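Below you'll find the structure, written out as structure tokens, and then a few comments.
The values are calculated or read from the model by the stated rules, or taken from the named source; none is laboratory data. Only a predicted model underlies this, so the values are computations on that prediction, with no experimental measurement involved. Cβ placement follows ideal geometry from the backbone for every residue including glycine, while neighbour counts extend to all protein chains displayed.
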Amino acid sequence: MLQHTLTGHCGKVLAAKFLGEPTKVVTGSHDRTLKIWDLRSRSCVDTKFAGSCCNDVVISDSSGTTIISGHYDKKIRFWDTRTNQNLSEILVQGKVTSLDLDRDGKTLLCCVRDDTLRLVDLRASQIISTFVAEGFKVGCDWSRAVFSQEGEFVAAGSSDGGVYVWNTATCQLQTVLRHHSSAVISVSWHPFANYIASVDRSKKAVVWTD
């Protein structure tokens, strides 16, 4: 049953996350803003002006005070929900298509339109690893990449129909899963078991296991 419809963005909304509690949500949009919503009043309580289209957001702490957003202008932005300013920025080499946090919230995975994945150490605010592979190409501006449940691997879909999996310790390509016939635009790793789900542009979903 539909509980809420939140209106206020004037562009596509590509990301939404709960903000540390079940009554608040943050959304990122192509209208170059992030909005924080109170689900009790069904209203926007804060708007943060990013200056660039937002493709994804994650929350880096359980209290919901720090938002991380990925943007078209090749920047990852860090926001304090208690202020109207972004805390800092990290520049990468292409549009940021997705973000994902490892289980302990200390490492950020970024999928970048220059056909790479990047790991960012959030404690040092530095890029520490880059994942590349022959044949791997990010298929669209909103392609999703993810950590495995223990953070040992990262996975992302490619425009050639493959699901590429890398080892995070060595940055080496572990395997390429092939069953799709069109660009894979999203992958998801089961939080408790060794399953990967992937979806392609032709609307096919595949579930992978050992």
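Which residue is farthest from Leu19 (Cα to Cα), if the candidates are limited to segment 67-94 and must be basic (Lys, Arg) and within 14 Å of the chain's Cα centre (by Cα)?
That would be Lys74.
Quick one: is Ser202 surrounded by fewer than 19 Cβ atoms within 10 Å (Cβ to Cβ), in a loop (DSSP other than H, G, I, E, B), among the hydroxyl-bearing types (Ser, Thr, Tyr) and touching an Asp or Glu at 6+ places or on another chain (Cβ under 7 Å)?
no
Across segment 79-98, what is the number of residues that are within 12 Å of Leu34 (Cα to Cα) and touching a residue at least 40 places away in the same chain (Cβ under 8 Å)?
Looking only at that region, the number is 2.
Sort out which residues of segment 159-179 are assigned to a strand (DSSP E or B), in contact (Cβ under 8 Å) with a residue 12 or more places away in the chain and not aromatic (Phe, Trp, Tyr), and write them in order of number.
Hits for segment 159-179 are Gly162, Val163, Val165, Asn167, Leu173, Gln174, Val176, Leu177, Arg178.
Which residue, of Ala133, Ala156, is in the same structural domain as Ser98 (by TED's automatic domain parsing), within 23 Å of Thr209 (Cα to Cα) and not in a loop (DSSP other than H, G, I, E, B)?
Result of the check over Ala133, Ala156: Ala156.
Report, by residue number, each residue of segment 162-199 that is farther than 19 Å from Cys110 by Cα, touching an Asp or Glu at 6+ places or on another chain (Cβ under 7 Å) and modelled with pLDDT of 95 or more.
Those that are farther than 19 Å from Cys110 by Cα, touching an Asp or Glu at 6+ places or on another chain (Cβ under 7 Å) and modelled with pLDDT of 95 or more: His180, Ser182.
Among the residues of segment 28-43 satisfying the criterion of being in contact (Cβ under 8 Å) with a residue 24 or more places away in the chain and in contact with a Ser or Thr (Cβ under 9 Å, 6 or more places away or on another chain), which is surrounded by the fewest Cβ atoms within 10 Å (Cβ to Cβ)?
Arg42
Criterion first (farther than 29 Å from Asp115 by Cβ, in contact with a Lys or Arg (Cβ under 9 Å, 6 or more places away or on another chain) and at pLDDT 90 or above) does Lys35 satisfy it?
yes
Exactly one of (1) outside the structural domain of Tyr195 (by TED's automatic domain parsing); (2) within 12 Å of the chain's Cα centre (by Cα); (3) not basic (Lys, Arg) is unmet by Gly51. Its number?
(2)
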